[in-house]
Amino acid sequence: MGAMGAAEPLQSVLWVKQERCAVSLEPARALLRWWRSPGTEPSAPDADACSVPVSEIIAVEETHVHEKQSSSGRWQKMENPFAFTVHCVKRARHHRWKAAQVTFWSADEQLCHLWLHTLRELLESLTSRPKHLLVFINPFGGKGQGKRIYEKKVAPLFTLASITTEIIITEHANQAKETLYEINTDGYDGIVCVGGDGMFSEVLHGVIGRTQQSAGIDPNHPRAVLVPSTLRIGIIPAGSTDCVCYSTVGTNDAETSALHIIVGDSLAIDVSSVHHNSTLLRYSVSLLGYGFYGDLIKDSEKKRWMGLVRYDFSGLKTFLSHQYYEGTVSFLPAQHTVGSPRDKKPCRAGCFVCRQSKQQLEEEQKKALYGLENAEEVEEWQVICGKFLAINATNMSCACPRSPGGLSPAAHLGDGSSDLILIRKCSRFNFLRFLVRHTNEDDQFDFTFVEVYRVKKFQFTSKHVDDEDNDLKENGKQGFGQICTDSPTCSCSPSRSSWNCDGEILHSPAIEVRVHCQLVRLFARGIEEQS
């Protein structure tokens, strides 16, 4: 049997384990299938046929047949058997992927080599797959298992897929970000971070910052149009919550993430820029939280010595303190989106809402560019003043193992919008009811004291923002305010909270936030619908 053209089907009878099977490669070479076929000629596929897309084959190896394997049963009849093994993705429960393998046998050496050569050629033609990666490993984050997780679960799979890597084990905070600003990244097909959400945030800031620097864009300008990066980012989860990984893949399993990187998946996600007084503070991809979540992260930072339990301790302490804050929220509704925060349609792989919303946003921007519609200056902003227990803005669901639905279950990864959630002052019991809803299937926005809006920009100003500006002038007032803030027995309410920006503290309460549609790409495909 000679080599075949790319469009011709390849079909043979081969052995799988102890069974004779018909094996086919579909005409478009997109699907490998096999099914039991007792005769010497391939039979028609039956209901028990197995299949794997070529795009989900990790590698194909020539298999050396050991004497043991061929010395018993039917193999006794096969002189000099030849074999090749297909390593591929196998789906498990809860969105997990596993590396599986199937070995095909034949007495015909030429036939085995034809299959081996054809499958390898197809894998080589998949241009979306990375061949050389830069890997940052945080040895301290989460449970301190990053290096072990990478070496045990990820490195062997990268080697199997013939991916070469350059590994940097970080020794201090922001090392990954600084490195990405300094080195030439042209030789890499992507950046992989092994760690938690903090490690991902470092890499994200490095990739975005370096891209804007190369394009000559000043990111401090709140209205700057940022340039998307061509480098994809892979996340190997080894943190305490792994919110970004969980919200984009559906699980925080290291092997699953490694396989998404190997097959070259690509998922564009929104990024928010956070400014104060025309200065870029940070970028955010998951949660911006003021009030409850801001106070929680600020308190937990003082208790790092407690390990991961500090989040539970600080969460309980913050809940019991029940602080509320006065301020003004202004926002620009995301009229381009085809979804809404309460439509119960979660973002899934190949998301229609993200595709359509991006197209509509681009149409809006074109019309504004040519003066066919109102520019942003005259768009209709909405303003809400009040007393808030929490103000949250999410670019994704913010799901994690403890909260499978997340803070906003219907938030979309790439629709150019953020879900703005306002929790007004209410009783401690009602706030507890709201928090409990994050752990079950009930509608967490179905409360009179909760409002949710899908926005593309928003601003927040604390009622006491003037106090912040006058801190240096009025040392007496500043000192008194500090005593009130720090003393747990004082009955005064603190005038302002801090912002929790993807787990990092922003001390300025007055911020301006803008969503940049699909600014960064991950090695992911979104959460797949369970079959």
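Say we look at the range 221-238 and pick out the residues that are open to solvent by 10 Å² or more (accessible area, probe 1.4 Å) and not hydrophobic (A, V, I, L, M, F, W, C); which of these is farthest from Gly414 (Cα to Cα)? Among them, the one singled out is His221.
Whether a residue is surrounded by 16 or more Cβ atoms within 10 Å (Cβ to Cβ) and touching a residue at least 60 places away in the same chain (Cβ under 8 Å) was assessed, and Ser397 passes this test.
Out of Ser300, Ser266, Ser257, one residue alone is at pLDDT 95 or above, open to solvent by less than 10 Å² (accessible area, probe 1.4 Å) and either under 12 Å from the mean Cα position of the chain (by Cα) or of a type in the set (Gly, Ala, Ser) (or both). It is Ser257. Name the one entry in Lys345, Lys366 that is under 20 Å from Gln518 (Cα atoms), open to solvent by 20 Å² or more (accessible area, probe 1.4 Å), at pLDDT below 95 and in contact with a Gly (Cβ under 8 Å, 6 or more places away or on another chain). Going through Lys345, Lys366 in turn, just one is under 20 Å from Gln518 (Cα atoms), open to solvent by 20 Å² or more (accessible area, probe 1.4 Å), at pLDDT below 95 and in contact with a Gly (Cβ under 8 Å, 6 or more places away or on another chain): Lys345. Residues that are open to solvent by less than 20 Å² (accessible area, probe 1.4 Å) and of a type in the set (S, T, N, Q) do occur in the range 439-458. Give the range 46-62 a look and list any residue that's under 20 Å from Trp105 (Cβ atoms) and either touching a Gly at 6+ places or on another chain (Cβ under 9 Å) or not hydrophobic (A, V, I, L, M, F, W, C) (or both), or say none. Those that are under 20 Å from Trp105 (Cβ atoms) and either touching a Gly at 6+ places or on another chain (Cβ under 9 Å) or not hydrophobic (A, V, I, L, M, F, W, C) (or both): Asp48, Ser51, Glu61, Glu62.
Among the residues making up the range 138-155, those that are outside any helix (DSSP H, G or I) and touching a residue at least 60 places away in the same chain (Cβ under 8 Å) are Asn138, Gly141, Gly142, Lys143, Gln145. Remark: Tyr188 falls outside the filter, which requires a residue to be closer than 23 Å to Thr241 by Cα, in contact (Cβ under 8 Å) with a residue 40 or more places away in the chain and aromatic (Phe, Trp, Tyr). Filtered by the rule that a residue be surrounded by 15 or more Cβ atoms within 10 Å (Cβ to Cβ) and modelled with pLDDT under 75, the range 305-322 gives Arg310, Tyr311. Leu281 meets the conditions (1) open to solvent by 20 Å² or more (accessible area, probe 1.4 Å); (2) part of a loop (DSSP other than H, G, I, E, B) in every case but one. The failed one is (2).
Count of the range 47-73 residues, restricted to those that are modelled with pLDDT under 90 and surrounded by fewer than 14 Cβ atoms within 10 Å (Cβ to Cβ), is 9.
If the condition is being surrounded by fewer than 17 Cβ atoms within 10 Å (Cβ to Cβ) and in contact with a helix residue (DSSP H, G or I) (Cβ under 9 Å, 6 or more places away or on another chain), then the range 201-215 contributes only Gln213.
Of the residues making up the range 11-46, those that are modelled with pLDDT under 90, among the aliphatic types (A, V, I, L, M) and in contact with a Phe, Trp or Tyr (Cβ under 9 Å, 6 or more places away or on another chain) number 1. Of all residues in the range 12-21, those satisfying the criterion of being surrounded by 16 or more Cβ atoms within 10 Å (Cβ to Cβ) and more than 39 Å from the chain's Cα centre (by Cα) are Ser12, Val13, Leu14, Trp15, Arg20, Cys21.
Here is a yes/no grid of residues against (1) open to solvent by 60 Å² or more (accessible area, probe 1.4 Å); (2) out of contact with any Cys (no Cβ under 6 Å at 6 or more places or on another chain); (3) modelled with pLDDT of 95 or more:
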{"position": "Thr485", "(1), (2), (3)": "yes, yes, no"}
{"position": "Thr489", "(1), (2), (3)": "yes, yes, no"}
{"position": "Ser493", "(1), (2), (3)": "yes, yes, no"}
{"position": "Gly503", "(1), (2), (3)": "no, yes, no"}
{"position": "His507", "(1), (2), (3)": "yes, yes, no"}
{"position": "Glu512", "(1), (2), (3)": "yes, yes, yes"}
{"position": "Leu519", "(1), (2), (3)": "no, yes, yes"}
{"position": "Phe523", "(1), (2), (3)": "no, yes, yes"}
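Listed residues Ser330, Ser257; which is more than 30 Å from Val54 (Cβ to Cβ) and in contact (Cβ under 8 Å) with a residue 60 or more places away in the chain? Just a single option satisfies the conditions, and that option is Ser330.
In the range 152-200, what count of residues is obtained for those that are open to solvent by 40 Å² or more (accessible area, probe 1.4 Å) and β-branched (Val, Ile, Thr)? Number satisfying all stated conditions: 6. The residue pairs whose first member lies in the range 13-24 and is touching a residue at least 24 places away in the same chain (Cβ under 8 Å), whose second member is of a type in the set (Val, Ile, Thr) and crowded, with 22+ Cβ neighbours inside 10 Å, and whose beta carbons are closer than 7 Å, counting only pairs six or more residues apart or on different chains, are Leu14/Val23.
A count restricted to the range 79-132 and to residues that are assigned to a loop (DSSP other than H, G, I, E, B), open to solvent by 90 Å² or more (accessible area, probe 1.4 Å), under 22 Å from Glu19 (Cβ atoms) and not polar (S, T, N, Q) stands at 1.
Against the condition open to solvent by 20 Å² or more (accessible area, probe 1.4 Å), modelled with pLDDT under 95 and not charged (D, E, K, R), how does Gln145 come out, does it pass?
Against the criterion (open to solvent by 20 Å² or more (accessible area, probe 1.4 Å), modelled with pLDDT under 95 and not charged (D, E, K, R)), Gln145 qualifies.
Here the condition is being surrounded by 18 or more Cβ atoms within 10 Å (Cβ to Cβ) and among the acidic types (Asp, Glu); of Asp218, Asp242, it holds for Asp242 alone. Give me the residue from the range 269-278 that is surrounded by 20 or more Cβ atoms within 10 Å (Cβ to Cβ) and hydroxyl-bearing (Ser, Thr, Tyr) and, out of that set, nearest to Glu124 (Cα to Cα). Going through the qualifying residues, I end up with Ser272.
Could you pull out every one of the helices (runs of 4 or more DSSP H) wholly within the range 156-264 that has 3 or more residues that are within 29 Å of His95 (Cα to Cα)?
Per the criteria, 197-215, 243-249, 254-262.
The values are calculated or read from the model by the stated rules, or taken from the named source; none is laboratory data. Quantities reported herein were computed from a predicted structural model and do not represent experimental measurements. Cβ sites come from the backbone with ideal geometry, for glycine too, and all protein chains shown count toward neighbours. With ligands, DNA and RNA removed, areas are computed over all heavy atoms of the protein, side chains included. Shrake-Rupley method; radii C 1.70, N 1.55, O 1.52, S 1.80 Å.
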